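Heads up, the thing below is written out as structure tokens.
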Amino acid sequence: MRAVYPGSFAPLTPGHLNVVDRARALFDHLVVLVGLTSTYCRRHEIAVIVRGLRNTTDLRAEYKLAAMNESLGVATVFLPARPDLAAVSSTAVRALGTLPSPPRS
């Protein structure tokens, strides 16, 4: 199955990379996308959107997007952030002006 992981990724964080790694293990093909998500999915016959969640605030916002995309024929799979990455946001990384090192496994 093919899936897409959309986002602004401004900048790409260790949390984003972790979601990419985990989604790659779930799907045969993963596209990391910055753009018009549902249009891209329909044009490329992608049935699933992957979204990362850090907290309940993310869930509320993402649920609305998921409902809209579902009405356009594209399902959404949510992957929760690892606890050690949940506090890292693109906004915080931009404010610091530096990308934190990814945690070692």
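Table for the structure above
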read-out	value
Amide hydrogen neighbours beyond the local backbone of residue 32, cut-off 5 Å, H modeled	5
Amide proton proximity set for residue 52, modelled H, under 5 Å, gap of 5+	79
Folded to 0 to 90 degrees: helix 56-71 orientation relative to the chain principal axis, Cα	20
Value of [θ]222 nm, deg cm²/dmol, for the chain, DSSP H segments ≥ 4, -39500 (n - 2.57) each, nearest 500	-12500 deg cm²/dmol
For the stretch 48-87, alpha-carbon Rg over 2.2 N^0.38 Å	1.20
Distance between modelled label sites at residue 47 and residue 17, nm, 7 Å Cα→Cβ extension	3.2
P(r) of the chain over all Cα-Cα pairs, binned every 5 Å from zero, in whole percent	2, 12, 23, 24, 21, 11, 6, 2
Rg/Rg_globular for the stretch 1-56, with Rg_globular taken as 2.2 N^0.38 Å and Rg from C-alpha atoms	1.09
Per residue value of the accessible surface for the chain (all protein chains in place, 1.4 Å probe), Å²	63
Angle in degrees between helix 14-26 and the longest Cα principal axis of the chain, rounded to the nearest 10	40
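The values are calculated or read from the model by the stated rules, or taken from the named source; none is laboratory data. The model shown is predicted, which means the values in this text are computed figures rather than measured ones. So basically every Cβ, Gly included, is an ideal-geometry build from the backbone, and we count neighbours across all protein chains shown. Note: areas computed on protein heavy atoms with side chains; ligands, DNA, RNA excluded. Shrake-Rupley method; radii C 1.70, N 1.55, O 1.52, S 1.80 Å.
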